[in-house]
Amino acid sequence: MLDEEVVNMAYKVLTFESYGDFSKLHHYLEKAKESVGMGILDKYGKLGVEALRQATPRDTGLTAESWSYSVQRTPGLIRLSFNNSNVNQGIPIAILIQYGHGTRNGGFVEGIDYINPALQPLFNDLADELWKEVTEA
């Protein structure tokens with residue numbers, strides 16, 4: 001009988017009740033989740049712009065100097081985008097350099113893959129740093 005009383009006492013000690021909701025905790029955790037990586041994305045955005053400037057083939061230099069980045073946050077998503085503002089007659093020049101284009105006389109200028117090699121090492125480093133932040137938080 002003594003063993004049963006000990007079990008009942010242990011059960012009572014471990015029993016707890018909660019009233020209300022966890023909305024404040026939930027709100028805090030959502031905010032913490034949103035802030036993960038924002039500083040890191042800004043860092044890699046700046047590094048990416050510099051890498052693209054250096055890698056862009058130069059004629060006038062306008063395309064190389066027209067790189068920028070943006071970080072967009074929507075519910076459940078944070079996006080790092082690289083943009084180039086050098087556009088001629090509605091056509092982004094950076095894309096013409098990357099993929100090639102036709103000429104007026106029927107020829108074709110072959111593209112130069114400069115964007116992917118410039119950004120791939122940064123993407124690898126970014127993934128490693130974000131993973132480290134998430135797993136060590």
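The values are calculated or read from the model by the stated rules, or taken from the named source; none is laboratory data. Quick caveat: nothing in here was measured; it's all calculated off a predicted structure. Note that each Cβ is placed from the backbone with ideal geometry, even for glycine, and that neighbours are counted across all protein chains shown.
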For this session: Determine which member of the set GLY111, GLY61, GLY100 is at positive phi, in contact with a strand residue (DSSP E or B) (Cβ under 9 Å, 6 or more places away or on another chain) and free of Cβ contacts under 8 Å to residues at least 24 places away in the same chain.
Result: GLY100
Problem set entry | So LEU77, is it exposed (fewer than 11 other Cβ atoms within 10 Å of the Cβ) and out of contact with any strand residue (DSSP E or B) (no Cβ under 7 Å at 6 or more places or on another chain) | yes
Problem set entry | Given (1) charged (D, E, K, R); (2) exposed (fewer than 13 other Cβ atoms within 10 Å of the Cβ); (3) in contact with a helix residue (DSSP H, G or I) (Cβ under 6 Å, 6 or more places away or on another chain), number of the condition ASP59 does not satisfy | (3)
Exercise. Does LEU122 fit the bill of being buried (at least 16 other Cβ atoms within 10 Å of the Cβ) and not in a helix (DSSP H, G or I)?
Worked result: no
For this session: Would you check which residues across segment 71-87 are over 13 Å from ILE115 (Cβ atoms) and either modelled with pLDDT of 95 or more or of a type in the set (Val, Ile, Thr) (or both) and list them?
Result: VAL71, THR74, ILE78, SER85, ASN86, VAL87
Seminar exercise, completed: Flagged in segment 87-137 as under 26 Å from ILE40 (Cβ atoms) and out of contact with any helix residue (DSSP H, G or I) (no Cβ under 9 Å at 6 or more places or on another chain), in numbering order, are GLN120, ASN124, ALA127, ASP128, TRP131, LYS132, VAL134, THR135, GLU136
